[in-house]
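Here is the structure we will look at.
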Amino acid sequence: MTVTSGEVYAMSSADSEQPVHPPIRPHRTVEELLAAKGTKPITSLDDLTADTFASDEELDEFVAFIHSERRRDVA
């Protein structure tokens, strides 16, 4: 659409048939969203463990890298 001196004119184009906004999703509660994903409550800190690093050395290398990156621009 084009607005000129208070008047509105519709313009045709290939894009005019595309929706301007994404479709509206239904409102769901947190409980409904969690149930839809099959999420279960955390009952222990063990539920949060993950074998991300193959060894302690790999973890140490990662931590050293993070520390060096954080300090890189601090000079």
If we keep only residues of the stretch 33-54 that are of a type in the set (D, E, K, R) and not in a loop (DSSP other than H, G, I, E, B), then the residue least open to solvent (accessible area, probe 1.4 Å) is 47
Being modelled with pLDDT of 85 or more and open to solvent by 90 Å² or more (accessible area, probe 1.4 Å) narrows 30, 63 down to just 30
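The values are calculated or read from the model by the stated rules, or taken from the named source; none is laboratory data. In this text the structure is predicted, and so the values were computed from the model without any measurement. Just so you know, the surface numbers come from the protein's heavy atoms only, side chains and all, with ligands and any DNA or RNA stripped out. Shrake-Rupley method; radii C 1.70, N 1.55, O 1.52, S 1.80 Å.
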